[in-house]
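One structure below.
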Amino acid sequence: MSQGIRVWDWPVRLTHWGLVVCIAGLYATGEYGWLTMDWHFRFGYAALTIVLFRIVWGFVGSEHARFADFVRGPRAVIEYIRSLTAPAKSPSTGHSALGGIAVLALLGLTLVQAGTGLFSNDQVSAFGPLSERVSMSLSDDMTDWHELGQQLLLILIGIHVIAVLAYLFFKRENLIAPMFHGRKSVPGRDAQWRSNVLALVLFGLCAGGVWGITAFGPP
Ligand code: HEM
Ligand code: HEM
């Protein structure tokens, strides 16, 4: 049993690693021809559901899951960057001011990427469920955005992972383990928790919404 105060609830941890699996599957199927494009769509719907849920959870979830807990103004971000080299600085309980920006960027870009995917087409056999609901030229534009977006997302994920590893090796702060067991050995108290049942209900609603989109599929 790991020591420390509880920081990340189950929904945050499950959505994080679930998103990692889905995005790995999306690149493997979209870029490297693993399995079929049907699986690209399935991973895409799962990623979209996870991101939608995580956004909702950012408003009603546990203490450190909430946007209000970690989205700060530019001054706080600059102060945090300045304090990074201070040896006595104690680790953040939830996301740091800088980490908050990364969270917004990762969730936002994944949402846009999944959104453009719905309208994309490969002009052969893979047609996003909404691609034939719009004009061919709009669908082609969305496909261009989808191709650009996947490159930007890959860069952002690269920066994210490098940042997490930099904390580990240069600041000797392991952020990865808490993303698995949910606890951190820092001074402070346990975060206020929200019900996992509420999370399940909200996740179900997000999944239902995404299923509703797929039901709009090619006419
Ligand atoms: C975060 C979510 C997603 C990521 C990271 C992603 C990533 C990718 C990648 C890497 C490719 C290959 C692009 C290329 O050839 O340069 C691709 C193509 C494609 N994706 Fe996605 N995708 C996502 C979500 C979706 C969703 C939700 C759908 C539809 C339901 C979708 C539909 C398509 C289609 C139709 C193509 C073929 C477009 C083409 O040939 O250029 N994607 N995607
Ligand atoms: C597909 C790749 C990835 C995506 C899209 C992604 C996305 C995210 C997001 C959205 C968060 C915020 C968590 C939340 O509040 O819900 C986060 C946090 C985090 N991620 Fe990732 N992540 C990816 C890969 C990884 C990998 C491979 C690692 C491990 C090396 C990792 C380690 C972490 C850690 C430690 C945090 C917490 C940072 C903190 O303490 O502020 N991530 N990630």
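Every number here is computed from the coordinates shown, using simple stated rules; none is lab data. None of the values given here were measured: they were computed from a predicted structure. All Cβ positions, glycine included, derive from the backbone under ideal geometry; neighbour counts span all protein chains shown.
Worth pointing out:
- Shape category assigned to segment 1-66 from the gyration tensor of Cα positions, a/c cut at 1.5: oblate
- With the biggest extent put first, the Cα atoms of the chain measure 59, 36, 32 Å across the principal axes.
- Per residue, the average separation of C-alpha pairs within less than 8 Å and at least 6 apart gives the chain a relative contact order of 34 percent.
- FRET efficiency estimate (nearest 0.05) - Cβ-Cβ, ALA28 to ALA215, R0 30 angstrom: 0.70
- Helical segments meeting 15 Å axial Cα length and Kyte-Doolittle -0.5 threshold in the chain (DSSP H): 10-30, 37-60, 97-119, 136-169, 196-214
- Structure-based [θ]222 nm, the chain - -39500 (n - 2.57) summed over DSSP H runs of at least 4, per residue, nearest 500: -21500 deg cm²/dmol
- Peptides 59-71, 161-173 ranked from most to least packed by the mean count of surrounding Cβ atoms within 10 Å: 59-71, 161-173.
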